[in-house]
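Report on the structure given below.
Nothing in this text is a laboratory measurement; each read-out follows from the coordinates by a stated rule. These numbers come from a predicted model, not from an experiment. FYI the Cβ positions are ideal-geometry reconstructions off the backbone, even for glycines, and counts take in every protein chain you see.
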Amino acid sequence: MTGVEGYMYPNEITLYWSVLIVLYPYITGLVAGAFILASLERVFRVEAVRPTYRLALLTALAFLLDAPLPLQLHLGHPERSPEMYFTPHSTSAMAMFGYVYLWYLMAVLVFEIWLDYRRDIVLMSQQSKGLLRWVYKVMTLGSSNISERSLAIDEKVGWIVTLVGIPSAFLLHGYVGFIFGSIKANPWWSSPLMPVVFIFSAMVSGIAAVMLLYMALTKLRKQTIDMRCVDAIAMYMFYIFIVDFSLEMLDLVHRIYEADESFRSLNFMVHTKLYFSQIVVQILLGTLVPLALLFLTQVVKLQEIVRKRLYVISGALALIGIFAMRWNVVIGGQLFSKSFLGYTTYKMALATREGLLAAIALTILPFLFLWVLVKLLPPWDQKTTHAPAAGD
Amino acid sequence: MNITRRQLLILLPAAAVAWESVLAATPESSPNYNMTDHWWGMLIDIPKCIGCGNCVRACATENDVPEGHFRTWVERYHVSDWNLTNPEVISPDGGKEGFPAVKDDPDGKYFFVPKLCNQCADSPCTQVCPVGATFISPDGVVLIDQKYCLGCAYCVQACPYGCRYIHPEKKVADKCTLCYHRITKGLTTACCENCPTGARQLVDLKNPKDPIHEFLKTHSVQVLKPQMATGAKVFYNALDGSVR
Amino acid sequence: MSVFKDAGHLFRFAGLFVIAFIVFLVIRGYVVPKTFGKYGHYRAAAIGEIAAHPIKYAGHQACESCHTDIVTVKQKGMHAHVNCEACHGALAAHANDPTSVQPAKLDTATLCIRCHSASAARPKDFPQVDAAEHSNGVPCETCHNPHSPAIDAGGAK
């Protein structure tokens, strides 16, 4: 049998969860992470990251709109996916996807964006011409009330929505971790740490993505990058990254120490089939190097230009590393036999429904969505900060 | 065979009538099959299996199993001395055409292990299905509603035994159904019917007259991966500790 | 009710949810299969659909109801519990309409070898031979009656 070493159960030889299933948690991770960055300002009043608030929300929305697409391409019968809404199986973590997604999209993200932009939407519905005017008019839901009081109400409600949004974001991405973590049949996946690791690495990736987008778009607009903002973002990214790395190391050390029946097989897999993607890309280049660079920026006083370069490099490496983490979990979990006696190979197709080209297209698509969103709802030139929450 | 023309004229319609009544029954509406009277499983007698692969071929024929995918398969183990943790296992094309001959090993042993869906009473595969397309029937058979299945393959990942696959044409999950279409009509499964040595036997745990009850009292029996607590209902007589 | 005066837009947004929920419930009423949930979280009608799959192997009782002469030979021999279709292949079509489908002539060269070729992997007490040594290419049925193959038990030809 080509590509098989040792013994695999006959039905295990083909991988059923492809690169698209690697992409899906990566995308929802970016959504959750971007939202957490936005909530840093809105709920935790980290005023420094204010310039990225609106951009973070739009980024989250752009990626969230893209998120169901890898799943649809993967399903044998995508036309039956509404069944998850009509007859969700309460014992299945995957069944909650439909509702969690819808909740997060409408009751958190769209609601929060709408509340924050409502004044601009109403103004633009009055100032625009043609088709665009109608788009904005629909978005106002027919209400043109932007009085001081209505905006104050929006402010308070928006605070509550963000507060609720934080656990919602954790649920949106954490459930994916639980999908893997709750499978007792697969020892590479089965772990209570899985949802936690997913969430923390998601936060790193989302924050890195917004930071890079902010820096890139600001440069494209020929404006000055707010260094106080970027420094703050990098600091949060650094600390969350340390927690993420610690959790992953805890999992590793625990596995090596306990050395249960799966250990020999998994250990061999990491040293051979997953060596490049796990040791080199995920751990070395994707975690240790960015951590070291960020550490440097935290302890040494560096010039602005140097800091910028280090942030870009660490952000980019972190994004690659966290993609590699998803790859190592999803693909890695299918490369070894549940008999612990063999390994198979992932033959990624190029131009099929679940091939590399589809994955690349689905990675580029959210940036197109973001471009439309940024044009429709410009996130720049925010003069006012958010008022403190009521009761403070 | 020597049948007279007269005998044939009598036997033909009798056979047809008998066959029709067998085919007509559906489990819910049949007067002779009551789902709650049965709790199906299987007994596999390892020392009897000769690795002929008849079961694999019969299953593929009976159930139109696609090439390269297996509702049942046979593994051959080669265990050396006390090394139970590292057996040599092969299953060439699932054992469909049998196994290559081997010379005797003075320090080790060989044996065959037929495998299939374990029809788990606490099945992890039905637990994870997001829409309810796979389920355990009231008579204990884990089935797939292929008109409802999304083809997400979560159940395939959740099965500890590797007995599920995605049908390459239908794009839905597929697996051994314990020949549900046969057992509900008083027949046995295709694999059991075609096993020449009686290594595979269908059992009805709810039937007090089923020989399984006596067998369980007098033999050492195991299920695969008992630590997974799946409530597996395929019982193996004399299963070696090296079996994965 | 002045608290609601400047919150009208929120009610409009909430209204969207209410409408969507109602539409969802209506669609769900039509779309969910009627037998869903009868025995558990699945479409109960699937059980009957699966049970109605076509049968390919008739089962030995069907064969024995007509071929009684073979039964008398077989039941006393070593192949008493080897079912007919294990060698003759799937013959439900023949059982259903004997004249329409005739069982194929069997090739003992491959058929008997499948079970009886010698291999250390098989149980020690199982009858097995090295074909070349044993018969040197002579077809098995020359000496063995497939329905009662043991030679010294009177099954020889």
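For this structure, a couple of remarks:
- Hey, B:D145 closer than 30 Å to C:D130 by Cα, free of Cβ contacts under 8 Å to residues at least 60 places away in the same chain and either over 18 Å from the mean Cα position of the chain (by Cα) or within 13 Å of chain A (Cβ to nearest Cβ) (or both) or not: no
- Residue among B:A229, B:A190, B:A238 that alone is of a type in the set (G, A, S) and surrounded by 23 or more Cβ atoms within 10 Å (Cβ to Cβ): B:A190
- Conditions (1) assigned to a helix (DSSP H, G or I); (2) buried (at least 19 other Cβ atoms within 10 Å of the Cβ); number of the one not met by A:A185: (1)
- Contacts under 8 angstrom Cβ, first residue in the range C:33-53 being within 8 Å of chain B (Cβ to nearest Cβ), partner surrounded by fewer than 20 Cβ atoms within 10 Å (Cβ to Cβ) and of a type in the set (D, E), 6 or more apart: C:A44/B:E28; C:I47/B:E28; C:G48/B:E28
- Considering the range B:190-207, the residues that are at the interface with another protein chain (Cβ under 7 Å from one of its Cβ atoms) and either of a type in the set (D, E, K, R) or touching a Cys at 6+ places or on another chain (Cβ under 7 Å) (or both) include one that is nearest to B:V131 (Cα to Cα), namely B:A190.
- Test: residue in the range C:66-80 that is among the hydroxyl-bearing types (S, T, Y) and closer than 24 Å to B:I183 by Cα: no
- When residues in the range B:120-130 are screened for being more than 9 Å from chain C (Cβ to nearest Cβ) and either without any contact (Cβ under 8 Å) to a residue 40 or more places away in the chain or under 17 Å from the mean Cα position of the chain (by Cα) (or both), 7 of them pass.
- Any hit, the range C:144-157, residues being more than 20 Å from B:G51 (Cα to Cα), touching a helix residue (DSSP H, G or I) at 6+ places or on another chain (Cβ under 9 Å) and free of Cβ contacts under 8 Å to residues at least 60 places away in the same chain: yes
- Evaluation of C:I50 against the conditions (1) in a helix (DSSP H, G or I); (2) surrounded by fewer than 18 Cβ atoms within 10 Å (Cβ to Cβ); (3) touching a strand residue (DSSP E or B) at 6+ places or on another chain (Cβ under 9 Å) shows that the sole unmet condition is (2).
- Residue check, C:G77 touching a strand residue (DSSP E or B) at 6+ places or on another chain (Cβ under 8 Å) and either more than 9 Å from chain B (Cβ to nearest Cβ) or exposed (fewer than 12 other Cβ atoms within 10 Å of the Cβ) (or both): yes
- For the range B:153-162, a residue qualifies if it is facing chain A (nearest Cβ under 8 Å), touching a helix residue (DSSP H, G or I) at 6+ places or on another chain (Cβ under 6 Å) and of a type outside the set (A, V, I, L, M), and the qualifying residues are B:Y154, B:C159, B:P160, B:G162.
- Positions within the range B:163-189 being among the β-branched types (V, I, T) and more than 9 Å from chain A (Cβ to nearest Cβ), in sequence order: B:T177, B:I183, B:T184, B:T188, B:T189
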